[in-house]
C-alpha cells in the first residue's frame, strides 16, 4: 500500500528501543513539524477550500499526536529535549525544482508530505511489531493507521491538483525511487527517519 521501494530493516526498532528518550523526543518534533506543514498549506493556498478544510483537521490531529508523545515522555520521567534536524527530509527536498511556479510547488510539497507520512507509517509499524514495551507497541500501532490516512490524503490532493499540469504518477514513482536511495543512509539512529 505504501509503495516504498526500500523497506526499513526491522532491527532499527532495537536501536530505537535502547534510547526511548531520544526516539520519543524526535517523534514529538516530527508531529510538531507535521502540524506546522499543515498550517503552511492553509496559509499558502487559502483559495483551495477543500485542502484548507482537510489541513485544519490534520493540524489538529498532529498537535494531538504531539501531546500524546509528550505525555508518554512525561509519564516515563523523561524530558523533551531540543528539536532535532531531520536530514532525511532536507535531502528529499533536493528532488524538486525550487524555481517552479506556485501550483507546481504545491504538488511537490504534497508529494513530499505524502512520502514523509508513508515512511513514518512504515517506521511506526516496525516499532509496533518489534519493541518489547507493550504500551508503546500499542501506541505506535494506533499512530501507524493515522499516518497511513495522512499519506493517502496528501497523495490524493497531489493527483487532484496536478492532473492538468503534470504527470503526477510518473513524478511520484521517480520520487519513490529517489527516496529509496536517500533512505539507504538512514535507519541507524534512534530517530523516526534517522
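The values are calculated or read from the model by the stated rules, or taken from the named source; none is laboratory data. Model, not experiment: these values are computed from the prediction. Glycine gets a Cβ as well: all are built from the backbone with ideal geometry, and neighbour counts include every protein chain shown.
Things to note:
- Some residue of the stretch 3-16 being in a helix (DSSP H, G or I), out of contact with any strand residue (DSSP E or B) (no Cβ under 9 Å at 6 or more places or on another chain), on the phi < 0 side of the Ramachandran plot and modelled with pLDDT of 95 or more: no
- Among the candidates 105, 73, the residue that is surrounded by 13 or more Cβ atoms within 10 Å (Cβ to Cβ), in a helix (DSSP H, G or I), out of contact with any strand residue (DSSP E or B) (no Cβ under 8 Å at 6 or more places or on another chain) and free of Cβ contacts under 8 Å to residues at least 12 places away in the same chain is uniquely 105.
- Test for residue 61: is it farther than 17 Å from residue 83 by Cβ, modelled with pLDDT of 95 or more and assigned to a loop (DSSP other than H, G, I, E, B): no
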